[in-house]
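A short write-up of the structure that comes next.
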Amino acid sequence: MIGLAVVTAVLCLLSGVPFGTPAADLVPVMHETGTTSFDPAAQNAESRAGDAFMPDAVQTPGEDVSTGGEAHTQASSAASGPALPDTPAGTQPYSSAEAAADAGPDARAAADPDGIPAPAGGQNAPDDASGISEPAGGTESDEGSLRSYVQTAGFFADPDASVFLSPTRIETGVPYQDELDSVRDQNCYMFRVFARGMLRYSLSAKDTDEEKGWKVSLYMEYSVNGSGGEKGYRLLNEMTALQSVAQTYSPNIGLGTGVYYLLVTPSDSFSGAAYQLTAFYEESTDYEIEYNDSVYRYTEIFADKPVRGSACARPDGVDRDYYMLRLPEDGAVYLTFEHRALKPVTVAFRIVLYDGDMNEIYSDNSELNRKSLSSGCIGLPKGIYFIGVFSRVYMDTDYKLTLSFEPGALYEKEDNDTPASATKILANRNYTGALVSRTLQPDCDYFELSLPAAGMLRISFTNEAPVEPTDKDGPKAIRRLTVLAPDGTAICSLLMTTADGKLTAPQIGLPAGSVYLRVDNAGLYADSGAYTLLCSVENSENWEQEPNGATDRATPIAVGAGRTGTISDDETVFDVDWYSFSVSSTSALTLNLTHAYMSGRGAVFEAAVYDDKGTLIRTDRGELSLSIDRGETAAAADYTLPAGVYYVRVVSGVFHSEDAYTVSVVRR
């Protein structure tokens, strides 16, 4: 076998046949036994157009086969053979943005007009665990002076790496026949990729009932210490092919330019039967670039341009794909993740969106039987973001990741889960937000509104997609809006259900300064639909100043003037409003309480006067208090008080109303 390989290597090198022959996309179909077979009928609307490239000519050692007018010969050569051509025939140029995505952070920085610096990392960055650099296009050097490394499952091992030093050179798109001589034998095949694209390889053998077979592993070559340094070989995918399956396919694997190897070794049960190995390659910028299993080795993607990836098989059972997205301005991202639906109901992928500091913003799980998931609206500021796709099970099908982008300043800016990171908003503008999915800590959105002067705040809280209840339990509570003082004191809250369209908070009197709005699901039914917030402000010195729920936070009232306020309903307890006034000498006073007319009967507001020790004042006519009915518009109580500081407490009556009232203290 070795002698034939040497002869055919010479024929191949003399033929001058370019490497990197493109092939159309292939769609895998899950085989009943858990391995894979290829079914051309499985091509559908979800797959990109293109016929499966299944060459009729099978290459055997020493044989010339004419295909499409070109002579193809199996090649095998040592490292001392002639260098491969610098560019493949028929290579198509791609855009400068795509070229920058392949070139690494230095080239990308020069091509970025938005001025956002690229993060340290990318396909040309050092490995996060070992300081490994990306291969410089497979530069050939004196292999005798280099120590070879083999990296598998994220760790370095030192097996016999000499097999990579004398591989059989192959062309993509051409099948090769070979066999293993013994249980310790291993056949290594090398090919070079000259443009970003997708690889899919297969191994076929005579269909028998035997459970014997082969492992076919894909490795990439890289320089351990930078360009021209020590060579290493990183495992990208491992596939087991059994004789009982006529043909087994790898997943579609996105690759960048460089040198790659297919290593055929015995599986758990050795087979000495002949096999046929074929590597199909298609030039494309639509695929991830493996190895992108670390955030430091991301594949850069672009808004509104889908990228395809796959779950490669690794010894540790987990493939991690990291992507980097650069947003040139504030706006909203809509993440969509799609794959072909399969029958088992189990988690296949976990998708996570991170900010530039690797804080989780969004995460969700995609089950095998779930064809697609969507994040909904995710408001983000200008900057760098990372997306991680983590496979949970091996599946031989592509996934498609799309991040659509809508520029705009009127979105929340994640991560805004705390008052310190609150999204700053302006009055009289509609802002859009959403409680996005997270697998660990639930999302919570904070907004900060700054009031230049004391006044009254109105808030409209709108559900962008209300739905009617379909079950006997009725609408489900999905969001809670809470208005907070800077010290975290709750002022009022609104509870939104799936059926609600637009909710309006009661009018809220506030002092000058910041007020915070928090949106959360309060442990209720999760919903990632969008909502909008609109805050209207009216400057006025006549309103209460929340929070004023205790005497030490009472809103001052000047004798002879009044204050307007509301009693909000904070889910379990009603609001309490305290006011303070003082008289310098004994005074005859009148306490007035008014509100707009309401239909019906029953007390709606109650007011009482307390001394500076918080004791309810009593006179010879009883407690100094009054109440006002819904059918009334005014109530008053006369009394005489000595000099001092006093407090007026206003609470809800038997019947609660969020309409405004006015309380005043005047001299008689």
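The values are calculated or read from the model by the stated rules, or taken from the named source; none is laboratory data. Since we're looking at a predicted model, the values are computed, not measured. Virtual Cβ from ideal backbone geometry, glycine too; neighbours counted across all protein chains shown. Ligands, DNA and RNA are excluded from the accessible area calculation, which covers all protein heavy atoms including side chains. Shrake-Rupley method; radii C 1.70, N 1.55, O 1.52, S 1.80 Å.
Considering the range 313-357 alone, what residues qualify as being outside any strand (DSSP E or B) and either more than 26 Å from I384 (Cα to Cα) or of a type in the set (F, W, Y) (or both)?
A313, R314, P315, D316, G317, R340, A341, L342, K343, P344, V345, T346 - these are the residues of the range 313-357 that are outside any strand (DSSP E or B) and either more than 26 Å from I384 (Cα to Cα) or of a type in the set (F, W, Y) (or both).
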remark   = Out of (1) open to solvent by 10 Å² or more (accessible area, probe 1.4 Å); (2) within 26 Å of K413 (Cβ to Cβ); (3) part of a strand (DSSP E or B), the one Y296 does not meet is (3)
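Considering each residue of the range 368-382, count those that are assigned to a strand (DSSP E or B) and open to solvent by 50 Å² or more (accessible area, probe 1.4 Å), and give that number.
Looking only at that region, the number is 2.
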ask   = List, please: which pairs have Cβ atoms under 6 Å, are six or more places apart or on different chains, and start with a residue in the range 235-256 that is under 19 Å from Y287 (Cβ atoms) and among the aromatic types (F, W, Y) and end with one that is assigned to a strand (DSSP E or B) and open to solvent by less than 10 Å² (accessible area, probe 1.4 Å)?
value = Y249/P28; Y249/T36; Y249/S202
inquiry  = Among the numbered criteria (1) in contact with an Asp or Glu (Cβ under 9 Å, 6 or more places away or on another chain); (2) part of a strand (DSSP E or B), which one does E238 miss?
reply    = (1)
ask   = How about the range 493-523: which of its residues are of a type in the set (S, T, N, Q) and part of a loop (DSSP other than H, G, I, E, B)?
value = T498, Q507, N521
request  = Could you identify the single residue in D321, D316 that is surrounded by fewer than 19 Cβ atoms within 10 Å (Cβ to Cβ) and out of contact with any helix residue (DSSP H, G or I) (no Cβ under 8 Å at 6 or more places or on another chain)?
outcome  = D316
ask   = Which one of these is in contact with a Pro (Cβ under 9 Å, 6 or more places away or on another chain), polar (S, T, N, Q), surrounded by fewer than 24 Cβ atoms within 10 Å (Cβ to Cβ) and farther than 20 Å from P167 by Cβ: S271, S284, S267?
value = S284
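What strands (runs of 3 or more DSSP E) completely inside the range 584-668 contain at least 1 residues that are over 55 Å from the mean Cα position of the chain (by Cα) and in contact (Cβ under 8 Å) with a residue 40 or more places away in the chain?
Here the list reads 587-595, 603-610, 634-641, 644-652, 661-667.
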task = Determine the pairs where a residue that is within 15 Å of L449 (Cα to Cα) and open to solvent by less than 50 Å² (accessible area, probe 1.4 Å), located within the range 467-495, has a partner that is at pLDDT 90 or above and of a type in the set (F, W, Y) with Cβ atoms under 8 Å apart, the partner being 6 or more residues away or on another chain.
result = L481/F461; V483/Y516; L484/Y516; A485/Y516
ask   = Within the range 200-212, can one find any residue that is in contact with a Leu (Cβ under 7 Å, 6 or more places away or on another chain), among the small types (G, A, S) and under 19 Å from P251 (Cα atoms)?
value = no
note = Checked against (1) among the hydrophobic types (A, V, I, L, M, F, W, C); (2) buried (at least 22 other Cβ atoms within 10 Å of the Cβ); (3) more than 14 Å from the chain's Cα centre (by Cα), I387 satisfies every condition except (3)
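Yes/no per residue for (1) more than 24 Å from T482 (Cα to Cα); (2) among the hydroxyl-bearing types (S, T, Y); (3) in contact (Cβ under 8 Å) with a residue 40 or more places away in the chain:
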site	(1), (2), (3)
I387	yes, no, yes
V393	yes, no, yes
Y399	yes, yes, yes
N416	no, no, no
R429	no, no, yes
request  = Among the numbered conditions (1) within 29 Å of R479 (Cα to Cα); (2) surrounded by 15 or more Cβ atoms within 10 Å (Cβ to Cβ), tell me where I557 comes up short.
outcome  = (1)
request  = Would you mention how many residues in the range 540-582 are without any contact (Cβ under 8 Å) to a residue 40 or more places away in the chain, part of a helix (DSSP H, G or I) and either farther than 28 Å from L495 by Cα or out of contact with any strand residue (DSSP E or B) (no Cβ under 9 Å at 6 or more places or on another chain) (or both)?
outcome  = 1
ask   = Just a yes or no: is a residue in the range 231-238 under 32 Å from the mean Cα position of the chain (by Cα) and open to solvent by 10 Å² or more (accessible area, probe 1.4 Å)?
value = yes
